[in-house]
Amino acid sequence: KLTCKSKASFSFNQNSQFHAYPSPFLAFQGVINNTQKLNCLPSSSFRLHSTVSRPYGVPVEASAVETDKNPERLCVENCNDENIVGGEVPGAEYGNSRASHESEIDKEAWSLLRDAVVTYCGFPIGTVASNDPGDKHPLNYDQVFIRDFVPSALAFLLRGEGEIVKNFLLHTLQLQSTEKTVDCYSPGQGLMPVSFKVRTVPLGDNKFEEVIDPDFGGSAIGRVAPVDSGLWWIILLRAYGKISGDYTLQEREDFQAGIKMILNLCLADGFDMFPSLLVTDGSCMIDRKMGVHGHPLEIQALTYAALRCSREMLTVIGCSKNLMTAINNRLSALSFHIREYYWVDLRKTNEIYRYKTEEYSMDATNKFNIYPEQIPSWLIDWIPEDGGYLIGNLQPAHMDFRFFTLGNLWSLISSLATPKQNEAILKLIEAKWDDIVGHMPLKICYPALENEEWRIVTGSDPKNTLEL
């Protein structure tokens with residue numbers, strides 16, 4: 001049985017450097033809004049890893065693992081793997097010269113972030129979702145969540161510490177489900193776990209091994225599978241390459257296959273005829289019941305960003321002509337759909353007020369049979385004259401007029417919205433700063449649900465209180 005016996009010392013390389021950008025924001029903005037020509041040249045660094053089948057569809061490198069009696073447990077022997085890094089990332093040029101000019105608040109924040117780092121075989125592979133020492137029952141918040149690690153990963157990358165991000169990408173790829181299945185309780189092919197936990201298991205004779213337990217939603221609160229994990233993973237892979245200058249990961253054949261499997265989930269044919277992705281409630285960052293089932297804006301913005309990132313990363317070996325055509329078609333259709341039907345400003349609100357209902361034809365103006373009575377009373381006075389935003393959800397006979405922050409900001413970053421719409425979104429945030437920010441970080445959505453509406457929509461879930 002292969003075990004992780006060697007314990008390498010864990011330290012972040014303070015001298016590692018990355019490609020220089022004028023500012024951290026521009027460095028990240030360049031990840032999505034990049035117009036480079038698609039790289040279709042095969043790389044000599046390709047390395048195909050054979051995989052072994054495991055229960056629940058958890059793939060691991062055949063050369064690195066042995067099957068484990070626990071089907072939900074994954075043990076990877078990578079302590080001496082050339083891909084696992086504990087120091088400088090190749091191609092790094094952007095340094096952390098700002099570190100010497102940090103304020104006390106910055107130093108405290110970095111200290112807290114480093115305390116949240118999770119190691120595997122002595123190497124950093126992520127940060128826990130919550131690191132509250134006073135919480136005696138952390139549930140799954142002591143695990144590494146793919147979506148929650150992304151902001152931490154971007155902070156590490158912009159600081160010049162990319163080893164933790166590279167290790168995270170390597171290990172999460174090994175956790176991806178690769179087998180087709182008809183079992184309703186097994187993850188489908190291409191699904192990324194929502195989170196994973198590193199456990200230390202005693203072997204006897206004072207020996208221990210470290211194993212990684214992934215969760216695909218089977219143990220999560222509400223038992224919902226993550227729709228957004230794979231999308232976040234693709235975006236982070238693109239960010240890692242753009243900021244660090246290390247493109248060897250995305251060019252590897254196993255990473256190309258991982259990207260394709262995620263895209264196959266997003267582009268799969270189904271009963272739905274909209275270009276937007278159909279998801280259930282709780283399958284994204286808003287992982288509690290909040291009435292965002294259907295086609296929530298957040299998932300559409302992440303899908304658009306992931307498709308753009310995939311188009312830049314797929315190589316001639318990793319993609320086919322049909323896949324690239326499908327990506328381009330979905331990008332075009334999705335951008336039109338969101339810009340046209342999700343956008344609301346004063347002009348669009350007045351247009352909805354005059355909608356005729358029960359229209360039947362290809363030329364119908366009210367294509368989703370929206371009744372004007374749905375427009376909430378707070379909306380007209382809330383939208384500034386030169387502002388606007390993308391609504392939270394759109395379904396037949398239903399428009400969710402709540403302002404969801406993440407979806408609107410990702411639409412702006414990924415250019416899903418038009419430049420004019422981007423400007424209007426920023427003007428609205430500025431005009432309604434007290435409502436959206438106030439005395440705390442950005443709210444998830446505005447306005448908060450109250451009273452009977454809160455009970456009906458959330459199922460009286462106490463996590464979704466008025467503080468949201």
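The values are calculated or read from the model by the stated rules, or taken from the named source; none is laboratory data. Every value quoted in this text rests on a predicted model; they were computed, and no experiment measured them. Cβ sites come from the backbone with ideal geometry, for glycine too, and all protein chains shown count toward neighbours. Ligands, DNA and RNA are excluded from the accessible area calculation, which covers all protein heavy atoms including side chains. Shrake-Rupley method; radii C 1.70, N 1.55, O 1.52, S 1.80 Å.
Put simply, of 290, 261, 313 the only residue that is hydrophobic (A, V, I, L, M, F, W, C), within 19 Å of residue 445 (Cβ to Cβ) and touching a helix residue (DSSP H, G or I) at 6+ places or on another chain (Cβ under 9 Å) is 290. Pairing residues of region 104-122 that are within 24 Å of residue 212 (Cβ to Cβ) with residues that are of a type in the set (Ser, Thr, Tyr) and surrounded by 15 or more Cβ atoms within 10 Å (Cβ to Cβ), at Cβ distances under 8 Å and at least 6 apart in sequence or on separate chains, gives 113/127; 113/152; 116/127; 116/152; 117/127; 118/127.
Table: residues versus (1) touching a strand residue (DSSP E or B) at 6+ places or on another chain (Cβ under 7 Å); (2) under 19 Å from residue 298 (Cβ atoms); (3) of a type in the set (Ser, Thr, Tyr); (4) modelled with pLDDT of 95 or more.
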{"position": "172", "(1), (2), (3), (4)": "no, no, yes, yes"}
{"position": "176", "(1), (2), (3), (4)": "no, no, no, no"}
{"position": "179", "(1), (2), (3), (4)": "no, no, no, no"}
{"position": "200", "(1), (2), (3), (4)": "yes, no, yes, no"}
{"position": "224", "(1), (2), (3), (4)": "no, yes, no, no"}
{"position": "234", "(1), (2), (3), (4)": "no, yes, no, yes"}
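In region 324-342, of all residues being open to solvent by less than 20 Å² (accessible area, probe 1.4 Å) and not hydroxyl-bearing (Ser, Thr, Tyr), the one that is nearest to residue 260 (Cα to Cα) corresponds to 327. Those helices (runs of 4 or more DSSP H) of region 360-462 in which 3 or more residues are open to solvent by less than 90 Å² (accessible area, probe 1.4 Å) and of a type in the set (Lys, Arg) are absent. Within the set 195, 186, 177, the sole residue that is closer than 28 Å to residue 238 by Cβ, among the hydroxyl-bearing types (Ser, Thr, Tyr) and out of contact with any Asp or Glu (no Cβ under 7 Å at 6 or more places or on another chain) turns out to be 177.
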